[in-house]
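These notes concern the structure reproduced below.
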Amino acid sequence: MPMSSVNPANGSVLEVFETWDQVRIDKALATAARAAANWRALPLEERVALLRRAAGLLRERREPLAGRITREMGKLLREARTEIDRCVTVCDYYADHAATFLGDEPMEVAWGRALRVHQPLGTILGVMPWNFPFWQVFRFAAPTLLAGNTVLLKHASNVPRCALAIEEVFRDAGLPDGVFQSLMVPASAVAGILADPRVYGVSLTGSEKAGRAVAAAAGEALKPSVLELGGSDPFIVLEDADLDRAVEQALVSRFQNAGQSCIAAKRFILLPQVADAFLERLRAGVEALVPGDPAREETTLAPMAREDLRDELHAQVEQSIAAGAVAVTGCRPLPGKGAWYAPSILDRVTPQARAYHEELFGPVATVIRAQDEADAVRIANETRFGLGGSVWTRDLERGEAVARHLVCGNAFVNALVKSDPALPFGGVKDSGYGRELGRDGMLAFVNLKTLRLG
Ligand SMILES: O=CCCC(=O)O
């Protein structure tokens with residue numbers, strides 16, 4: 001099956017790629033395994049220097065790379081530029097901290113000496129999504145490579161041009177042949193690659209369905225996995241919240257990247273005292289969004305990445321309205337070529353609606369009205385997801401107490417949930433397991449070896 005790169009803004013085909021056969025996959029596995037032995041033996045300072053060069057190339061190529069992201073998955077050009085900047089930041093962060101994170105650590109023992117030693121595992125497979133086609137790859141690859149592993153990337157099949165551009169950045173930075181390779185393979189090839197003895201682990205960011213399949217394959221092969229899956233993050237607005245700030249951040253969190261982010265605020269859980277005021281302001285902001293050419297500065301709402309995803313979103317919205325939710329604005333596809341969906345709000349969403357339980361991966365805000373703070377927390381946790389959540393209140397102690405009750409991996413008070421190189425990132429429940437970023441992200445694919453001396 002060929003893989004097509006399609007511009008979601010107008011449906012035009014940019015390029016078609018042949019997928020690899022087993023012979024080509026085997027060649028990549030052999031190259032990665034050969035490269036792994038030399039790469040792990042390289043002094044850490046040399047790996048750090050190469051990663052810094054990759055960051056330098058990202059800086060130099062910011063404009064063409066951002067343009068490539070926008071054409072291939074549709075996000076606003078300015079958001080694509082920010083994405084490249086975040087990749088630079090994550091490379092710099094790990095380049096600065098690798099020696100500390102990976103250094104030997106003496107342990108307190110009553111006899112002789114004992115050390116915690118961090119050693120690479122080998123070749124690690126990254127199965128990555130299209131919504132942040134550079135950021136997701138770099139936040140996995142930067143720490144994994146610096147730890148001395150080699151990386152195979154199986155990118156989402158709608159962003160093959162981004163996958164190749166990333167490989168080119170690492171190659172041009174001087175990483176030896178085989179240290180980072182993009183595999184042009186379909187999802188059906190992943191289990192076979194993971195089962196290969198030359199592969200030592202897998203990190204997946206993607207859908208729950210993909211996560212279950214990869215976790216099963218990793219379990220069968222007894223290899224470590226990190227899964228960062230979907231989310232349906234609550235955004236709780238208490239009665240003492242700064243509404244202007246909360247609405248401003250709600251708009252960013254829900255509508256950036258056309259709503260296609262795992263940690264977007266998806267369920268707006270409002271206390272009665274502020275519900276109508278919040279909703280009116282949110283509606284004004286949503287109706288002011290300007291869909292259009294994602295490369296133009298004036299545009300504030302991008303197309304979705306694929307027409308089938310837009311259609312699936314609309315089916316969720318239609319069912320929710322049939323189940324009693326109120327369509328406040330939007331709630332329909334936009335006419336014309338491309339994967340366009342109107343910026344939308346569903347109010348009075350109840351447990352009968354798909355929007356209450358499912359992840360809405362597009363520009364649709366779900367509003368749920370709570371009776372009081374305890375009810376808001378109950379609703380927030382009444383989900384099988386557990387990625388992020390935020391709470392908005394002028395009382396920081398109260399905000400912290402509510403945040404501690406949220407069953408999720410990332411709870412923020414008076415801030416939209418976002419990932420940061422220094423903060424461990426990941427979920428619980430059906431949002432996955434394991435952590436990326438921070439020190440934990442770098443240790444995800446190392447052999448923590450206990451070394452006893454004497
Ligand atoms: O889509 C999920 C992650 C988004 C991010 O890290 O900003």
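The values are calculated or read from the model by the stated rules, or taken from the named source; none is laboratory data. Quantities reported herein were computed from a predicted structural model and do not represent experimental measurements. Cβ atoms come from the backbone with ideal geometry, glycine included; neighbour counts cover every protein chain shown.
General observations
- Annotation note: of 29, 77, 44, 65, the sole residue that is within 17 Å of residue 170 (Cα to Cα), buried (at least 17 other Cβ atoms within 10 Å of the Cβ) and not assigned by TED's automatic domain parsing to the domain that holds residue 306 is 65.
- In segment 216-233, of all residues being of a type in the set (A, V, I, L, M, F, W, C) and more than 11 Å from residue 202 (Cβ to Cβ), the one that is surrounded by the most Cβ atoms within 10 Å (Cβ to Cβ) corresponds to 229.
- Test for residue 295: is it in contact (Cβ under 8 Å) with a residue 60 or more places away in the chain, surrounded by fewer than 18 Cβ atoms within 10 Å (Cβ to Cβ) and in contact with a helix residue (DSSP H, G or I) (Cβ under 8 Å, 6 or more places away or on another chain): yes
- Single match in 336, 362 (criterion: closer than 17 Å to residue 307 by Cα and under 25 Å from the mean Cα position of the chain (by Cα)): 362
- Residue check for residue 347: touching a helix residue (DSSP H, G or I) at 6+ places or on another chain (Cβ under 9 Å), touching a residue at least 40 places away in the same chain (Cβ under 8 Å) and surrounded by fewer than 19 Cβ atoms within 10 Å (Cβ to Cβ): no
- Taken over segment 87-146, residues that are over 23 Å from residue 36 (Cβ atoms) and of a type in the set (S, T, N, Q) amount to 3.
- Some residue of segment 169-181 being touching a Ser or Thr at 6+ places or on another chain (Cβ under 6 Å), among the polar types (S, T, N, Q) and either at pLDDT below 95 or not in a loop (DSSP other than H, G, I, E, B) (or both): no
- Filter result for residue 454 (of a type in the set (Gly, Ala, Ser) and surrounded by 17 or more Cβ atoms within 10 Å (Cβ to Cβ)): no
- Tally, over segment 261-308, of residues that are outside any helix (DSSP H, G or I), more than 16 Å from the ligand (Cβ to nearest atom) and among the polar types (S, T, N, Q): 2
- Residue 207 being within 16 Å of the ligand (Cβ to nearest atom) and polar (S, T, N, Q): yes
- Within the option set 159, 190, 202, being crowded, with 22+ Cβ neighbours inside 10 Å and more than 16 Å from the ligand (Cβ to nearest atom) holds for one residue only, 202.
- Residue list for segment 368-378, restricted to those being touching a helix residue (DSSP H, G or I) at 6+ places or on another chain (Cβ under 9 Å) and either of a type in the set (D, E, K, R) or buried (at least 24 other Cβ atoms within 10 Å of the Cβ) (or both): 368, 369, 372, 373
- Counting only strands (runs of 3 or more DSSP E) wholly contained in segment 349-454, the ones carrying 3 or more residues that are away from the ligand (no atom under 16 Å from the Cβ) occupy 364-369, 446-453.
- Which listed residue is among the small types (Gly, Ala, Ser), in contact (Cβ under 8 Å) with a residue 24 or more places away in the chain and in contact with a Cys (Cβ under 8 Å, 6 or more places away or on another chain), from 330, 362, 285, 386: 386
- Condition check for residue 232: within 16 Å of the ligand (Cβ to nearest atom), touching a Lys or Arg at 6+ places or on another chain (Cβ under 6 Å), of a type outside the set (Val, Ile, Thr) and within 30 Å of residue 379 (Cβ to Cβ): yes
- For segment 268-275, the criterion of being under 25 Å from the mean Cα position of the chain (by Cα) and at pLDDT 95 or above is met by at least one residue.
- Candidate set: segment 211-229, residues that are in a loop (DSSP other than H, G, I, E, B) and more than 23 Å from residue 135 (Cβ to Cβ); chosen: the one farthest from the ligand (Cβ to nearest atom): 222
- Scanning segment 105-153 for residues that are in contact with a Pro (Cβ under 9 Å, 6 or more places away or on another chain), more than 23 Å from residue 46 (Cα to Cα) and crowded, with 24+ Cβ neighbours inside 10 Å returns a single hit, 136.
- Which numbered condition residue 152 fails, given (1) away from the ligand (no atom under 14 Å from the Cβ); (2) out of contact with any helix residue (DSSP H, G or I) (no Cβ under 8 Å at 6 or more places or on another chain); (3) more than 24 Å from residue 100 (Cα to Cα): (2)
- Taking (1) farther than 20 Å from residue 371 by Cβ; (2) away from the ligand (no atom under 15 Å from the Cβ); (3) assigned to a loop (DSSP other than H, G, I, E, B) in turn, residue 239 satisfies each apart from (1).
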